[in-house]
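Peer 1: This is the structure I want to talk about, given as structure tokens.
The values are calculated or read from the model by the stated rules, or taken from the named source; none is laboratory data. Just so it is clear, the model here is predicted, and its values are computed rather than measured. Don't worry about glycine lacking a Cβ; one is built from the backbone with ideal geometry, like all the others, and counts go over all protein chains shown. What goes into the accessible areas is simple: the full protein's heavy atoms, side chains included, and nothing from ligands, DNA or RNA. Shrake-Rupley method; radii C 1.70, N 1.55, O 1.52, S 1.80 Å.
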Amino acid sequence: MKINKEQIEKHGLKLEEYNKIKELLGREANLLELGIFSAMWNEHCSYKSSKIHLKKLPTKNNIVIQGPGENAGVIDIGDDDAIIFKIESHNHPSFIEPYQGAATGVGGILRDVFTMGARPIALMNSIHFGSPTNKNTQNLLNGVVSGIGGYGNSVGIPTVGGETKFNSTYNENILVNAMAVGHANKNKIFYSKAKGINKPVVYVGSKTGRDGIHGATMASAEFDENSEEKKPTVQVGDPFTEKLLLEACLELMKENSIISIQDMGAAGLTSSSIEMASKGKLGIELDLNKVPCRENNMSPYEMMLSESQERMLIILDEKKEKKAKKIFDKWDLDFVVIGKTTETNRLVLNFDSKIVADIPIRALADEAPQYERKWNKPKIKKNNLNKYDLKKIKIEDALIKILSSPDHSNKSWITDQYDQVVMCDTIQKSGGDAAVVRVHNKNKAISISVDSSANYCSSDPKSGGKQIVCENWRNLISVGSKPLAITNCLNFGSPEKPDVMGEFVECINGMKEACEFLNFPVVSGNVSFYNETNSKSIFPTPVIGGIGLFDNLNKIINMKTKKVGNLIIIVGKTLGHLGQSSFMREIYSANEGSPPEINLTNEKNNGQSILNLINQNLITSCHDVSSGGILISLAEMSMASMLGLKILRPKKFTDLNEYFFAEDQGRYLIEIEVDNLKKVESILKKSNIFYEVVAEVQNDIFELSKTFSIKTEELYKNNNKWFKKFNAIN
């Protein structure tokens, strides 16, 4: 049967790409082969528009065991311990079917981690929704949060934090980015590279159904008014089966029987088999009649492209086959040898005693298109804030309005739906700068933070790329940990648009600068393009997930003020930058101006000095200054402890709004005891760091002399009311 133009387009391929396929095969493809090429050559799997730019990012240093290219990144945290982590998007499926889209996003990222030999110890997420006034927002929010909680809670992995943001740019394309973190022995890491000839290829886990077919292809295309019709491409998850699969795999990994292992994620059996063979420079031959199916009369096309969840592909030592099967039988999971490795360097598929596909592995992997897309240098928004009379705005009114806004309001309505303490190693959960999870049975811990800043990137992608790396760095430092490495999820519109591609390129350039300067490598990640509907793109939204390390549990701190009479010092200089600030968005509904400048020297110097003070036990609490500026950060510290603050008036600023709501970067608020003031000042002066005392801790009043006074309890009520009102109205 000759493939026609309509079939090519339906599979998300361009005519010139299909012509290349014919050239590689030396003939016409059949429909199954077309589907396989479609899965492997789509944006989601091949990174054909982003690969050349991703290579710029720093991915190595002395603690990186495995960087990008595997299921997840691996870093060394000493004592033969390794942390394995990654963040990935499940944006399109979550918009179409929010519960299952979000749930299977969690399931997929968990498999990326435990397939490498790690026991998952924490989950995080970054979720972005449209305007609260949009008719779909509340339903999408409820479904996504329920899906994240339902899956993570059932598997028994704590969801320890994340972020939730609202903006009309996501009205038709929400973002659901899920991060998983696991702990493993660094000498017992498992990889996906196939080795050996005639080794059994084993299918384990759930049976294959028709759900998720063309899921990866759907994730590599923009939406239109018919997106609801794509519901069949959304996978259906079963967290209880995932738990069984997790335990069975970890039990098998104690034996020396696994040669390679790969999660059946995007593109299912197709991508897992091809990735293993490609990395090992081998071939794979499969008998599709042996694939465990849960539906009748499934075709080879459906089996190869299904994205049914909770499945793995393993290449096994043939001598250990019986013992391995016994383990999976115990956990009541399918364990079937469906093929073997070969020396042919080809993917050969058999069905009903016939060869139904025969493709060179290289054609599917190495020969996938790589595009150097045209891109336009973004036009940077200039600050044009003089037209706003800032002095007309009462500082207390601005404080309450920002604290009561969707982005800044208390998110406990969301996080209360997540089990944050299961496994009993969560030391600090959501609500602070970073979550903290102990390394089981050891006197050390890791910090985890997820951050994004779409408004900064929409104004100046390069500066925004730098800023979000630095924001993550500060969050990890603010709890007392040493930042180690990051994973990223890069959410953008269509790469075929030069303006969107320009945002992506410049964002990568900014991230590169920050990561190199801070020695903060990118060890894993994901690119999500085509986040747009009817040609309208989302804001560029890079999401950063970072890991930090505590070598001593006694060094962990938080943002809660501790004692009446203690002083609050700001570390880092305030210049009064309000462009792209929360103040301008919430008070004036203005998305104007450029983001604050990023001084990487100051970022590094200030952060290292904060860690120095923490290690000398000179800081009792710490909080970075980010969205909302000094006053919002002070309010968050006050509400965390329910103590009050007596705030000092700035000496060099006549406009209080400009000072207290500016979002200049590289700043921290630290609480110290009065007796330690001279020691702290001496250390900061030696490092040539700007600082000043900004407040004193008091009982229950949050006040600025001669300007406003409010009970901390009232701040807390205002900070908590938005979600209650939103859910009541809707």
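Peer 1: What residue, among those in region 529-571 that are open to solvent by less than 10 Å² (accessible area, probe 1.4 Å) and among the small types (G, A, S), is farthest from G607 (Cα to Cα)?
Peer 2: Ranking the candidates gives G545 first.
Peer 1: Here is a follow-up. Taking K60 and the conditions (1) in a loop (DSSP other than H, G, I, E, B); (2) open to solvent by less than 10 Å² (accessible area, probe 1.4 Å); (3) not acidic (D, E), which numbered condition does it fall short on, given that it satisfies the others?
Peer 2: The number of the failed condition is (2).
Peer 1: Looking for something of a type outside the set (K, R), open to solvent by 80 Å² or more (accessible area, probe 1.4 Å), touching a helix residue (DSSP H, G or I) at 6+ places or on another chain (Cβ under 7 Å) and under 19 Å from L24 (Cα atoms) - is there at least one such residue anywhere in region 367-377?
Peer 2: Looking for residues that are of a type outside the set (K, R), open to solvent by 80 Å² or more (accessible area, probe 1.4 Å), touching a helix residue (DSSP H, G or I) at 6+ places or on another chain (Cβ under 7 Å) and under 19 Å from L24 (Cα atoms), one finds at least one in region 367-377, hence yes.
Peer 1: Would you mention how many residues in region 704-729 are open to solvent by 20 Å² or more (accessible area, probe 1.4 Å) and either in a loop (DSSP other than H, G, I, E, B) or closer than 20 Å to S409 by Cα (or both)?
Peer 2: The total comes to 18.
Peer 1: Filter region 427-453 for residues that are among the hydrophobic types (A, V, I, L, M, F, W, C) and outside any strand (DSSP E or B); which is surrounded by the most Cβ atoms within 10 Å (Cβ to Cβ)?
Peer 2: Only one residue tops the list, namely A434.
Peer 1: Being buried (at least 19 other Cβ atoms within 10 Å of the Cβ) and among the hydroxyl-bearing types (S, T, Y) is the filter here, so list the residues in region 248-279 that pass it.
Peer 2: Those that are buried (at least 19 other Cβ atoms within 10 Å of the Cβ) and among the hydroxyl-bearing types (S, T, Y): S260, T270, S271, S272, S273, S278.
Peer 1: Looking at K51, K55, can you tell me which residue is open to solvent by 10 Å² or more (accessible area, probe 1.4 Å), under 21 Å from T270 (Cβ atoms) and more than 18 Å from the chain's Cα centre (by Cα)?
Peer 2: After applying the criteria, what remains is K51.
Peer 1: Any chance you could count how many residues in region 280-290 are more than 14 Å from T344 (Cα to Cα) and open to solvent by 10 Å² or more (accessible area, probe 1.4 Å)?
Peer 2: 3
Peer 1: Further question on the same structure: If a residue has to be hydroxyl-bearing (S, T, Y), surrounded by fewer than 19 Cβ atoms within 10 Å (Cβ to Cβ) and part of a loop (DSSP other than H, G, I, E, B) to count, how many in region 406-426 make the cut?
Peer 2: 0
Peer 1: Something else: Six or more apart or on different chains, Cβ atoms under 7 Å: show the pairs whose first residue is in region 520-535 and under 14 Å from T169 (Cβ atoms) and whose second is in a strand (DSSP E or B) and of a type in the set (S, T, Y).
Peer 2: These pairs meet every condition: N531/S537.
Peer 1: Quickly run through region 1-28 and pick out the residues that are touching a residue at least 40 places away in the same chain (Cβ under 8 Å), open to solvent by less than 30 Å² (accessible area, probe 1.4 Å) and under 19 Å from P360 (Cα atoms).
Peer 2: Those that are touching a residue at least 40 places away in the same chain (Cβ under 8 Å), open to solvent by less than 30 Å² (accessible area, probe 1.4 Å) and under 19 Å from P360 (Cα atoms): E17, I21, L25.
Peer 1: Out of curiosity, is I402 hydrophobic (A, V, I, L, M, F, W, C) and farther than 23 Å from G464 by Cβ?
Peer 2: No.
Peer 1: Kindly evaluate E603 against the criterion of being open to solvent by 10 Å² or more (accessible area, probe 1.4 Å) and charged (D, E, K, R).
Peer 2: no
Peer 1: Taking M637, is it at pLDDT 95 or above, open to solvent by 40 Å² or more (accessible area, probe 1.4 Å) and among the aliphatic types (A, V, I, L, M)?
Peer 2: no
Peer 1: Quickly run through region 256-290 and pick out the residues that are closer than 23 Å to L110 by Cα and part of a loop (DSSP other than H, G, I, E, B).
Peer 2: N256, S257, M264, G265, A266, A267
Peer 1: A further question follows. Going by what's in this entry, would G593 be described as crowded, with 16+ Cβ neighbours inside 10 Å, on the phi > 0 side of the Ramachandran plot and touching a Lys or Arg at 6+ places or on another chain (Cβ under 9 Å)?
Peer 2: yes
Peer 1: Search region 588-611 for residues being at pLDDT 95 or above and aliphatic (A, V, I, L, M), and hand back the single one that is farthest from N688 (Cα to Cα).
Peer 2: Among residues in region 588-611 that are at pLDDT 95 or above and aliphatic (A, V, I, L, M), the one farthest from N688 (Cα to Cα) is I598.
Peer 1: While we're here: Taking the condition small (G, A, S) and touching a strand residue (DSSP E or B) at 6+ places or on another chain (Cβ under 8 Å), does S430 pass?
Peer 2: yes
Peer 1: Can you tell which of E603, E592, E586 is of a type outside the set (A, V, I, L, M, F, W, C) and part of a loop (DSSP other than H, G, I, E, B)?
Peer 2: None of the others qualify; the one that does is E592.
Peer 1: Has region 87-97 got at least one residue that is over 15 Å from the mean Cα position of the chain (by Cα) and either hydrophobic (A, V, I, L, M, F, W, C) or within 25 Å of K193 (Cα to Cα) (or both)?
Peer 2: Within region 87-97 (the criterion being over 15 Å from the mean Cα position of the chain (by Cα) and either hydrophobic (A, V, I, L, M, F, W, C) or within 25 Å of K193 (Cα to Cα) (or both)), the answer is yes, since at least one residue qualifies.
Peer 1: If you take the residues in region 41-57 that are in a loop (DSSP other than H, G, I, E, B) and not charged (D, E, K, R), which one is modelled with the lowest pLDDT?
Peer 2: So, considering only residues that are in a loop (DSSP other than H, G, I, E, B) and not charged (D, E, K, R), the one modelled with the lowest pLDDT is N42.
Peer 1: With I109, I121 as the choices, which residue is open to solvent by 20 Å² or more (accessible area, probe 1.4 Å), over 15 Å from Q417 (Cα atoms) and touching a residue at least 60 places away in the same chain (Cβ under 8 Å)?
Peer 2: So the residue among I109, I121 that is open to solvent by 20 Å² or more (accessible area, probe 1.4 Å), over 15 Å from Q417 (Cα atoms) and touching a residue at least 60 places away in the same chain (Cβ under 8 Å) is I121.
Peer 1: Considering only residues that are hydrophobic (A, V, I, L, M, F, W, C) and open to solvent by 10 Å² or more (accessible area, probe 1.4 Å), look in region 460-499 and name the one that is nearest to V571 (Cα to Cα).
Peer 2: Among them, the one singled out is W473.
Peer 1: Here is a further query. With (1) farther than 28 Å from L123 by Cβ; (2) open to solvent by 40 Å² or more (accessible area, probe 1.4 Å) as the list, and T574 as the residue in question, which single condition is left unmet?
Peer 2: Among (1) farther than 28 Å from L123 by Cβ; (2) open to solvent by 40 Å² or more (accessible area, probe 1.4 Å), the lone unmet condition for T574 is (2).
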